[in-house]
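Undergrad: Supplied in structure tokens, the structure appears directly below.
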Amino acid sequence: MKIPTLPQKLNSIPANLCGTAFGFLNLAVGLALLPASLLAGGLWQTLGAEATLITGSLFALA
């Protein structure tokens, strides 16, 4: 299954809703980054940089 890119999806959004679509995209990215940053900070404080980087690598492979 091929995942569509952002420019491909923009063609299917009505012109008057493009700003709203980008707003929801940025909201989703922000909501995903908050727990990711908290997890990374917690790992860094408790287990150190190595554990944080290994965990990030494992998430990237998943």
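Undergrad: Any idea how many residues of the stretch 1-16 are open to solvent by 80 Å² or more (accessible area, probe 1.4 Å) and either in contact with an Asp or Glu (Cβ under 6 Å, 6 or more places away or on another chain) or hydrophobic (A, V, I, L, M, F, W, C) (or both)?
TA: 4
Undergrad: I need the full set of residues from the stretch 28-62 which are open to solvent by less than 90 Å² (accessible area, probe 1.4 Å), aliphatic (A, V, I, L, M) and within 25 Å of THR5 (Cβ to Cβ), in order please.
TA: Hits for the stretch 28-62 are ALA28, VAL29, ALA32, ALA36, ALA60.
Undergrad: What are the pairs, 6+ residues apart or on separate chains, where a residue within the stretch 1-14 that is in a loop (DSSP other than H, G, I, E, B) has its Cβ under 7 Å from a residue that is modelled with pLDDT of 80 or more?
TA: ILE13/ALA21
Undergrad: Cβ-Cβ below 6 Å, separation at least six or inter-chain, first residue in the stretch 38-60 and of a type in the set (S, T, N, Q), second open to solvent by less than 80 Å² (accessible area, probe 1.4 Å) and in a helix (DSSP H, G or I): which pairs?
TA: Qualifying pairs under 6 Å: THR52/ALA40; THR52/LEU43; THR55/LEU43.
Undergrad: If you don't mind, another one. Considering only the stretch 1-37, how many residues are among the polar types (S, T, N, Q) and over 17 Å from the mean Cα position of the chain (by Cα)?
TA: Looking only at that region, the number is 5.
Undergrad: Now for a separate question. Looking at LEU25, LEU6, LEU33, which is the one that is more than 24 Å from LEU58 (Cα to Cα), modelled with pLDDT of 85 or more and of a type in the set (A, V, I, L, M)? Spell out how you get there, then give the answer.
TA: Numbers: LEU6 fails: modelled with pLDDT of 85 or more; LEU33 fails: more than 24 Å from LEU58 (Cα to Cα).
Of LEU25, LEU6, LEU33, the one residue that is more than 24 Å from LEU58 (Cα to Cα), modelled with pLDDT of 85 or more and of a type in the set (A, V, I, L, M) is LEU25.
The values are calculated or read from the model by the stated rules, or taken from the named source; none is laboratory data. Here the structure is a predicted model, which is why all the values come from computation and not from measurement. Ideal geometry is used to build each Cβ from the backbone, glycine not excepted, and the neighbour counts take in all protein chains shown. For accessibility, only protein heavy atoms count, side chains too; no ligands or nucleic acids. Shrake-Rupley method; radii C 1.70, N 1.55, O 1.52, S 1.80 Å.
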